[in-house]
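Just so it is clear, none of the values below were taken in a lab; they were calculated from the coordinates. Owing to the predicted nature of the structure, the values given are computational and were not obtained by experimental measurement. Backbone-built Cβ (ideal geometry, glycine too); neighbour counts: all protein chains shown.
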Amino acid sequence: MKDIQTILVVDDDNSIVDLMRDFLEMEGFQVATANDAQQALKVIENQTIDAMILDIMMPGQNGFELCRQIRLENNVPILFLSARSDDVDKIRGLALGGDDYIVKTASPGEIVARVKAVLRRFNSQMAAKFKILDYGRLTLDLSTREVLVDGRPISLTPKEYDLLQLFAEHPKFVFSYEQLLEKFWEGVGDKHTVRVHLSRLREKIEPNPNEPHFIVNVWGVGYRFKGE
């Protein structure tokens, strides 16, 4: 899984580009840069971009025009950066598909905070759209029933997957042995039945099945998913 996000800074003022690069890199982002629309399009074509900080007033194709072109085939988050604070420009930028509009008088720290906020909203929307449950080392794609551990797909039986999905969709909720037996075995079986299946599941998703990180015992009751 990709851990470091890349921000494309597009501005014809190199001093602003350099300043934004410094602050973004300090916050752990990778930074790509472009001085005009054509350079920006080449960057987008050749590498994965997680968000853009886009100047409006540039020579040649301006930021509004570039945003309109990008939105024809790409939903990358775009934050407009402008020297103008006019509401008309802000409304136009957001109407064209921009995700935020920032005036250049804002501090670099505020701009970075706005980038992070847009990324959080975007990632949350994408996860909901594609029904992805992301718990760091462990990711479930509910639309394909694919499970990744440390970015690698693992093979689960249908029963193991169904158990894991139930826990992952209800983090910190305690499921009793009786509830699990009723849901997955129609009440037929005993605690040993549940323990065997949970043991096999842990062997596949836990770094140390003897000291589980995700699905933990609630002694005398059942199990819960920590979701951390």
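When you filter the GluC sites (Glu not before Pro) in segment 44-109 for DSSP loop state and at most 10 other Cβ atoms inside 10 Å of their Cβ, you are left with Glu73. For the chain, a Gaussian network of Cα nodes joined below 10 Å ranks Met58, Met26, Met126 by mean-square fluctuation, and the top entry is Met26. Cα centroid separation, segment 192-221 to segment 72-101: 48 Å.
In this simple spin-label model, placing a label point 7 Å from the Cα along the Cα-to-Cβ direction at both Glu73 and Glu110 gives a separation of 3.7 nm. As a proxy for reagent exposure, Ile205, Ile91 were ordered by neighbouring Cβ count within 10 angstrom, fewest first; the result is Ile91, Ile205.
Once the Cα atoms are used to define both axes, helix 108-130 deviates from the longest principal axis of the chain by about 50 degrees.
Rg then Dmax, both in Å and based on the Cα atoms of segment 6-129: 13.2, 38. Counting Lys and Arg as +1 and Asp and Glu as -1, what is the net charge of the other residues whose Cβ lies under 15 Å from the Cβ of Ser15? Every neighbour counted, the sum reads -4. The spacing between segment 1-70 and segment 105-131, judged by their C-alpha centroids, is 15 Å. Karplus-derived 3J(HN,Hα) values for segment 68-76, using 6.51 cos²θ - 1.76 cosθ + 1.60 with θ = phi - 60°, are 4, 5, 5, 5, 5, 8, 8, 9, 4 Hz; glycine and proline are entered as x. For Lys172, the lysines whose Cα comes closer than 19 Å to its Cα, not counting residues fewer than 8 places off in the same chain, are Lys183, Lys226.
Among the chymotrypsin sites (Phe, Trp or Tyr not before Pro) within segment 197-226, those in coil by DSSP and having at most 13 neighbouring Cβ atoms inside 10 Å are Trp219. Per residue, the convex hull spanned by the alpha carbons of the chain comes to 149 Å³.
Extension gain Lys159-Thr144, at 0.36 nm per residue separation less the Cα-Cα distance, in nm? Gain in length upon complete extension: 3.9 nm.
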